[in-house]
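Structure first, commentary second.
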Amino acid sequence: MNRFLMSAAALGLSAGAAAADYSLTILHTNDFHARFEPINKYDSGCSAEDNTEGKCFGGSARLMSAIRDARARLDNSLLVDGGDQFQGTLFYTYYKGKLAAEMMNKMGYDAMTVGNHEFDDGPEVLRGFMDALEFPILMSNADVSGEPLLADVLKKSTVIEKNGEKIGLIGLTPQDTDELASPGPNVIFTVPADAVQGEVDKLTEMGVNKIIVLSHSGYGVDLELAEQTTGVDVIVGGHTNTLLGDMESAEGPYPTMVGDTAIVSAYAYGKFLGELNVTFDDDGKVIEASGAPLLMDAAVVEDEATVSRIVEAAKPLDEIRNKVVAQTDEAIGGDRETCRSQECTMGNLIADAMLDRVKDQGIDVAIQNGGGIRASIDAGEVTMGEVLTVLPFQNTLSTFQVTGATLVEALENGVSQIEEGAGRFAQVAGMTYAFDASKPAGERVSDVMIGGAPVEMDKLYGVVSNNYVRGGGDGYKMFTDAQNAYDFGPDLADVTAEYLAEKAPYKPYTDGRIAVK
């Protein structure tokens with residue numbers, strides 16, 4: 001795909017703009033995941049002391065200031081979100097979409113797309129969120145006509161006017177949202193490029209020639225989308241928490257140009273506010289595109305009214321999250337890139353904790369999807385709030401029995417999309433395995449050992465996982481018809497917290513249980 005990547009400079013885009021040209025600045029966020037309070041360098045909660053010392057990033061109060069300041073210096077701007085406002089902290093557990101809607105309305109968003117996590121609590125909670133929003137939320141690649149809560153309400157695209165020009169906006173969500181979340185049986189997801197092209201054609205017929213796709217589909221899909229469609233000017237990304245720019249950790253240039261289409265993404269968790277300056281010619285073609293994700297660090301002064309509102313909103317949560325449950329000698333690493341591609345210390349902790357809880361129930365192995373691990377924990381005291389930030393989904397322990405052959409199939413699923421950083425990667429306990437990502441998907445796993453002995457394909461093994469994976473989430477369809485399944489065990493965050501407490505002071509470790517060939 002790299003042959004399609006060009007910086008704006010490489011295109012020789014004109015710096016001068018003729019009188020008929022139209023300039024617009026797109027401010028954007030994505031994958032906020034209920035980080036209303038500032039975050040630390042691990043994308044987890046940041047203490048008030050550290051915030052005062054300038055060690056924190058993001059939070060709604062900084063975003064509020066940054067958006068206000070940007071609007072003050074810009075002639076013509078648009079504020080959009082690439083999806084996944086939902087899920088990630090106790091704020092979501094307690095308020096669901098209410099606080100996100102309140103903050104987004106106050107910030108003055110113009111539009112957002114539906115992310116897969118907006119479906120975590122089904123169409124009911126998404127509809128409540130939609131009703132509270134004062135701007136459109138969009139999703140083009142799904143048929144919602146069979147879902148009464150969303151039919152005729154959730155639009156595929158919309159047109160807004162900025163400085164006398166019409167801007168078309170199209171929403172996009174992951175095609176596998178039925179595997180990633182809980183949309184229910186009545187929402188049918190479709191191919192992204194076909195859906196987007198259909199909306200582009202409609203908008204073009206209406207005389208709209210400046211079109212922005214709000215795409216919660218991941219950087220890889222966005223690159224393909226730009227290549228496979230015509231008429232798309234800008235893609236504002238999300239889903240893969242991709243940082244674009246000229247910083248060391250960036251995955252590509254900001255914007256990434258594919259032909260005349262500018263692709264942008266601003267990492268996640270409110271750590272950056274994306275700012276893309278686009279100039280269109282009279283025909284709606286992008287002739288200049290430049291900008292950067294702006295870091296929301298201590299240099300951005302927090303908006304005082306927003307600080308007060310978030311402090312107030314946090315009061316019901318404080319008793320739960322301030323409870324110290326354990327101590328750890330070192331940071332426990334739960335970063336996305338590691339836990340979705342190899343053995344990680346947080347994956348070992350969670351899988352060990354699950355297996356320890358049910359080992360007297362005839363359970364042999366534990367499997368935790370890497371995508372269910374949402375943060376790291378820093379060294380020192382561990383609070384329940386930190387554990388809940390790592391494991392926010394209120395998943396329960398599921399126990400069941402499958403054959404060795406099914407277990408191997410599950411491990412193959414886990415590494416089948418490793419190139420995309422998919423959340424299905426299997427962190428394990430009670431077993432070891434190796435994989436070779438250079439081989440075709442479905443033929444990558446080898447050397448599977450359970451309890452120190454080679455896996456027996458016909459033997460029944462006891463497995464513990466979370467109810468999301470057992471229910472077929474993240475592609476684990478092979479577990480849906482498992483024998484003796486029980487999905488209503490204790491909450492995974494509670495199990496992990498109690499295990500940490502038992503092992504305090506906890507020493508994070510890896511032991512080679514997953515070998516990369």
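The values are calculated or read from the model by the stated rules, or taken from the named source; none is laboratory data. What you are looking at is a predicted structure, and each value in this text was computed from that prediction instead of being measured. Positions of Cβ are backbone-derived with ideal geometry, glycine not excepted, and every protein chain shown enters the neighbour counts. Note: accessible area is taken over every heavy atom of the protein model, side chains too, but ligands, DNA and RNA are not part of it. Shrake-Rupley method; radii C 1.70, N 1.55, O 1.52, S 1.80 Å.
Overview of values
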quantity	calculated
Filter result (open to solvent by less than 10 Å² (accessible area, probe 1.4 Å) and either closer than 24 Å to PRO255 by Cα or among the acidic types (Asp, Glu) (or both)) within region 294-329	MET296
Residue satisfying condition, being charged (D, E, K, R), touching a residue at least 40 places away in the same chain (Cβ under 8 Å) and buried (at least 24 other Cβ atoms within 10 Å of the Cβ), within set ASP222, ASP246, ASP283	ASP222
Answer residue from region 347-372, given it is of a type in the set (Val, Ile, Thr) and either open to solvent by 10 Å² or more (accessible area, probe 1.4 Å) or over 19 Å from GLU337 (Cα atoms) (or both) and is nearest to the chain's Cα centre (by Cα) among those	VAL365
Residue within region 155-167 that is more than 30 Å from ALA20 (Cα to Cα) and of a type in the set (A, V, I, L, M, F, W, C) present	no
Hits in region 469-503 - residues which are assigned to a helix (DSSP H, G or I) and hydroxyl-bearing (Ser, Thr, Tyr)	THR496, TYR499
Filtered residue count, region 463-499, keeping only those that are among the hydroxyl-bearing types (Ser, Thr, Tyr) and surrounded by fewer than 20 Cβ atoms within 10 Å (Cβ to Cβ)	2
Matching strands (runs of 3 or more DSSP E) fully within region 244-333 where at least 3 residues are not hydrophobic (A, V, I, L, M, F, W, C)	272-280, 286-295
Test for THR113: is it out of contact with any helix residue (DSSP H, G or I) (no Cβ under 7 Å at 6 or more places or on another chain), open to solvent by 30 Å² or more (accessible area, probe 1.4 Å) and more than 18 Å from LEU294 (Cα to Cα)	no
Restricting region 162-208 to residues that are among the polar types (S, T, N, Q) and assigned to a helix (DSSP H, G or I), the residue that is nearest to ASP282 (Cα to Cα)	THR204
Single residue of region 438-455 satisfying the filter (surrounded by 13 or more Cβ atoms within 10 Å (Cβ to Cβ) and outside any strand (DSSP E or B)) that is farthest from the chain's Cα centre (by Cα)	VAL455
Selection status of GLN394, in contact with a helix residue (DSSP H, G or I) (Cβ under 8 Å, 6 or more places away or on another chain), surrounded by fewer than 22 Cβ atoms within 10 Å (Cβ to Cβ) and either in contact (Cβ under 8 Å) with a residue 60 or more places away in the chain or assigned to a loop (DSSP other than H, G, I, E, B) (or both)	yes
